[in-house]
1. Return the residues of the range 152-163 that are away from the ligand (no atom under 11 Å from the Cβ) and surrounded by fewer than 20 Cβ atoms within 10 Å (Cβ to Cβ); say none if nothing qualifies.
2. How many of the residues in the range 142-166 are touching a strand residue (DSSP E or B) at 6+ places or on another chain (Cβ under 7 Å), part of a loop (DSSP other than H, G, I, E, B) and free of Cβ contacts under 8 Å to residues at least 24 places away in the same chain?
3. Test GLU138 against the criterion of being without any contact (Cβ under 8 Å) to a residue 60 or more places away in the chain, surrounded by fewer than 20 Cβ atoms within 10 Å (Cβ to Cβ) and either outside the structural domain of LYS196 (by TED's automatic domain parsing) or of a type in the set (Asp, Glu) (or both), and give yes or no.
4. Can you find a residue that is more than 19 Å from the chain's Cα centre (by Cα) and part of a strand (DSSP E or B) anywhere in the range 24-32?
5. Please work out which residue is nearest to the chain's Cα centre (by Cα), limiting yourself to the range 125-135 and to residues that are touching a residue at least 40 places away in the same chain (Cβ under 8 Å) and surrounded by 20 or more Cβ atoms within 10 Å (Cβ to Cβ).
6. Go over the candidates LEU54, LEU107, LEU128, LEU99 one by one and state the one that is more than 16 Å from the ligand (Cβ to nearest atom), of a type outside the set (S, T, N, Q) and touching an Asp or Glu at 6+ places or on another chain (Cβ under 6 Å).
7. Cβ-Cβ distance below 6 Å, separation of 6 or more or different chains: which pairs start in the range 167-182 with a residue that is closer than 13 Å to GLY149 by Cα and in contact (Cβ under 8 Å) with a residue 40 or more places away in the chain and end on one that is surrounded by 15 or more Cβ atoms within 10 Å (Cβ to Cβ) and not hydrophobic (A, V, I, L, M, F, W, C)?
8. Among the residues of the range 50-64, which ones are over 21 Å from ASP7 (Cα atoms) and of a type outside the set (S, T, N, Q)?
Amino acid sequence: MDYQEADKLVTVFSAVKGKIQVIAKGVKKPGSSLRPLVQPFCHVQLYLARGHSLDIVAQGKMINFYGNVRQELFSTMQAIYIMELLDKTLMDGAPLPNLFNSTHQVLLAMDEGCLTPLLLRYFELRLLAELGYTPVLERCVGCGSTGVGEGFFKLAEGGLLCRECARQEGGVIVIKPDNLALLRLLLNSSPQVVQKVRSNPHSLEQLEQFLEKYLEYHLERRFVMKNTIRFLKKNLIVNG
Ligand SMILES: [Zn+2]
């Protein structure tokens, strides 16, 4: 058995191997040189040695600690939310280099103080796309018609329905035109473009709620950090 009391089981999202679990030995002892490298949302380079069941962190170096993110409660929680999304949804050992890059870009933007709510939505959509749940917005998922401007969205089918299919199927969510436009923009733009787009708070909130429903429906998970962020925001605003 590789694992001892002072060791820590660490989940790593790697550009090459995807999500993997590794053992960091002795990191619970004071003065461990590996200890800073296994904190949440660090960008690190790790050298792994093969263990019996899991690889073992032999050495490593810090690339980015995202120190600015850690200075502020909300940005810290948003970074943890991103980690939670990855941790709860990715399969072990499946390389996802594009998603790795998106994660990196979003964390960098956070650290540089230019995270926008839309960039977080962009990340959620990138994750959904990588898992095969890109929302279909250009045609009806029922009959293929392009008459989908009314924004009838069926969660189960992952896309828009035309008026006729929506009437037959029922149970649709209506996405307003400005949010449809935002979703299309997020699906087709680079993070650099997304970062520059501004939208009104009401649209942003609706978009966030829609994506939350969509994520929870398809990934069959609830995301704890999302609720914590919402709770704190509400209470800090009320108390402040
Ligand atoms: Zn249709």
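1. LEU155, ALA156, GLY158
2. Selection size over the range 142-166: 1.
3. Details: without any contact (Cβ under 8 Å) to a residue 60 or more places away in the chain: yes; surrounded by fewer than 20 Cβ atoms within 10 Å (Cβ to Cβ): yes; either outside the structural domain of LYS196 (by TED's automatic domain parsing) or of a type in the set (Asp, Glu) (or both): yes.
Yes.
4. yes
5. Our first condition is that a residue be touching a residue at least 40 places away in the same chain (Cβ under 8 Å); within the range 125-135, this holds for 125, 127-129, 131, 133-135.
If we keep only those that are surrounded by 20 or more Cβ atoms within 10 Å (Cβ to Cβ) as well, we get 125, 127-128, 135.
Details: LEU125: 8, LEU127: 6, LEU128: 9, PRO135: 16 Å.
Ranking the qualifying residues of the range 125-135, first place goes to LEU127.
6. From the options LEU54, LEU107, LEU128, LEU99, the qualifying one is LEU99.
7. Listed by first residue and then by second, the contacts come to LEU180/GLY151.
8. ILE63, the sole residue that qualifies.
The values are calculated or read from the model by the stated rules, or taken from the named source; none is laboratory data. Because the structure is a prediction, the values reported are computed rather than measured. All Cβ positions, glycine included, derive from the backbone under ideal geometry; neighbour counts span all protein chains shown.
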